[in-house]
1. Under a GNM of the chain (C-alpha, springs under 10 Å), which listed residue has the highest mean-square fluctuation: D275, D50, D153?
2. Ordered by packing density, taken as the mean number of other Cβ atoms within 10 Å over each peptide's residues, highest first, how do 35-42, 126-133, 142-149, 240-247 rank?
3. Residues of the range 2-22 with amide nitrogen under 14 Å from the 7 Å Cα-to-Cβ point of S56?
4. Mind checking the full-extension length gain between Q250 and T136? Use 0.36 nm per residue of separation minus the Cα-Cα distance, one decimal, nm.
5. With a cut-off of 8 Å between alpha carbons and a minimum separation of six or more residues, what is the relative contact order of the chain in percent?
6. Per DSSP H run of at least 4 residues, take -39500 (n - 2.57); add these up for the chain, divide by its residues and hand me the 222 nm value, nearest 500 deg cm²/dmol.
7. At what distance in nm do the modelled label points of L18 and K208 sit from each other, each positioned 7 Å from its Cα along Cα→Cβ?
8. From the P(r) of the chain, could you give the percentage of C-alpha pairs in the tail past 26 Å?
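The values are calculated or read from the model by the stated rules, or taken from the named source; none is laboratory data. This is a predicted model, so every value here is computed, not measured. Don't worry about glycine lacking a Cβ; one is built from the backbone with ideal geometry, like all the others, and counts go over all protein chains shown. All accessible areas refer to the heavy atoms of the entire protein, side chains included, with ligands and DNA or RNA removed. Shrake-Rupley method; radii C 1.70, N 1.55, O 1.52, S 1.80 Å.
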Amino acid sequence: MTPIEEGIGKAGVLVEALPYIQKFAGKTVVIKYGGHAMVDPLLKESVMLDILLLHSVGIRPVLVHGGGPEINAMLKKVGIESHFIKGLRFTDAQTMEIAQMVLVGKLNTEIVAMLNRFGGKSVGLSGKDAQLLLATKKPLKMPNSDGTMEEIDLGLVGEIHTVTPNILNTLLEQGYIPVISPVASGENGETFNVNADTAAGKIAEALKADKMLLLTDVRGILRDVGDSDSLISTVNRDEVDTLIEEGVLQGGMLPKVECAVSALEQGVGSVHILDGRIRHAILLELFTDGGIGTMFKD
């Protein structure tokens, strides 16, 4: 390929992206960042550059990050065993202290530093800043040995009940990229560990975001989990119950789907589940005709 042919190819990519850039300029996009994309250095850089490109063309990105593997590693280092109940981490006071240290003190600052190093204007927050996320203790009931329902204590696992997005609106209006750790405040000053997918969904709802992207370690929704070519590109909200009944939506994907449905019901334009292991997954999903993940829409 000659330099001119290579240049024409690059120009074609930009032309394909142009209508999407025009469509989304000025819109708010909430991105939940987690999975392998937080571990692999090349993928980390890819995600940061994607976010900066969105920002540079007039889109308003808001980043909410997880950090489960890093929390597990730190707990193991200090001799604390991780316990999960129905996919939720049991969080006593010591575990919460370590989780907050990893999420807020380590990962959040690393993400902000990387965005700023690449030329962005990024500000790190936790859900406790400006009462962004308020939560109560998350209830959970499970059947015991005689079949009756028993209340299960998850410790300091929170359920978000209020989002106050004023600080985010202020930062976005001033041209900053907010980066948010999923910890929340309680009414009595407690610190709660909250699910990052849920936090992203609630924040997207409060901001009436045009789009929410959930970066995962799977391609999206597969009609047959054993067939990577069976990706369902688009799911309408009224199709979700049928897909659950058919067993297409199950296991760890269910909480993400519930988050997507809730966001759509509260005014978010669309929700995208996509594979963060693919370099520049965000740009491929938003700025190409085909996309690469599953989009949920009304």
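1. D153
2. 126-133, 35-42, 240-247, 142-149
3. Residues 14 fall inside that zone.
4. 38.4 nm
5. So the answer I get is 22 percent.
6. -11500 deg cm²/dmol
7. 3.1 nm
8. 46 percent
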